[in-house]
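The values are calculated or read from the model by the stated rules, or taken from the named source; none is laboratory data. Remember, it's a predicted structure, so these values are computed and weren't measured experimentally. Cβ placement follows ideal geometry from the backbone for every residue including glycine, while neighbour counts extend to all protein chains displayed.
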Amino acid sequence: MRAFFAVDLPDSLAPAVADAQAPFADAPGVNPVDPEQAHVTLKFLVDIGEGDEDDPGDAPTVDDAIAAGERAVDRAAVGPFTCTVAGRGVFPDREYVSVVWAGVDRGGDDLAALREALEAETTALGVDPADHAFTPHVTLARVENATGADAVRDALDGEGPEVGSFSVDEIRLVESTLTASGPEYDVVREFGLK
């Protein structure tokens, strides 16, 4: 199954996420994410096994991922903190936009510490390490083609949104199932920060 470790934004910030998407939400080729599913991805696990007889692959199992999450929280030694989401950016750059995001202002160092610990623990399981530097962010939209890129660039030139602040007291292991109407997320396990 596809899974990832993340910090979820509270439902109360969904309207602010939608406001941040508004300048490009209707642009052709731009697919806004569901504001109620907004999160900061800490570590994506391309494929983990179910851990049963019908799934005997070499991939780490769900139980392996849960144990790695527990060890990572201990290793990072990050207690509850406040996160602030504001501004806009894109990956990989303005010329070729594939992802539009809102950045993390306050709380970025704590997220980076959690990410580093998750990276170490999951790499030890055989999960491929990330091939890019960590930029804490909330994905606002994915851009499928250049048609809507001008609307995104116009939004970047405007005033950045203030999505808001929220308390972080846990990270989650989330299963992601791809469907025709977009990804569906189910929480596998929560890991409280100490």
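Here are the numbers for the structure shown:
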item: Some residue of region 17-37 being part of a loop (DSSP other than H, G, I, E, B), surrounded by 17 or more Cβ atoms within 10 Å (Cβ to Cβ) and among the β-branched types (V, I, T); result: yes
item: When residues of region 38-65 are limited to those that are assigned to a strand (DSSP E or B) and touching a Gly at 6+ places or on another chain (Cβ under 6 Å), the one modelled with the lowest pLDDT; result: G49
item: Qualifying residue in region 82-98 (condition: surrounded by 15 or more Cβ atoms within 10 Å (Cβ to Cβ) and in contact with a Pro (Cβ under 6 Å, 6 or more places away or on another chain)); result: no
item: Exclusive hit being surrounded by 14 or more Cβ atoms within 10 Å (Cβ to Cβ), under 28 Å from T82 (Cα atoms) and at pLDDT 95 or above, set V138, V187; result: V138
item: One residue from A120, A112, A68 being closer than 21 Å to V168 by Cα, at pLDDT 95 or above and either charged (D, E, K, R) or over 16 Å from the mean Cα position of the chain (by Cα) (or both); result: A68
item: Sole residue being among the aliphatic types (A, V, I, L, M), loosely packed, with under 14 Cβ neighbours inside 10 Å and touching a residue at least 24 places away in the same chain (Cβ under 8 Å), chosen from A130, A146, A151; result: A146
item: Residue list for region 165-194, restricted to those being farther than 25 Å from D74 by Cβ and assigned to a loop (DSSP other than H, G, I, E, B); result: A180, S181
item: Qualifying positions in region 1-16 - surrounded by 19 or more Cβ atoms within 10 Å (Cβ to Cβ) and either outside any helix (DSSP H, G or I) or modelled with pLDDT under 95 (or both); result: A3, F4, F5, A6, V7, D8, L9
item: Subset of region 154-194 [without any contact (Cβ under 8 Å) to a residue 12 or more places away in the chain and among the hydroxyl-bearing types (S, T, Y)]; result: T179, S181
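Here's the yes/no breakdown for (1) farther than 21 Å from P183 by Cβ; (2) aliphatic (A, V, I, L, M):
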residue: V40; (1), (2): no, yes
residue: D47; (1), (2): no, no
residue: E50; (1), (2): no, no
residue: L125; (1), (2): yes, yes
residue: L140; (1), (2): no, yes
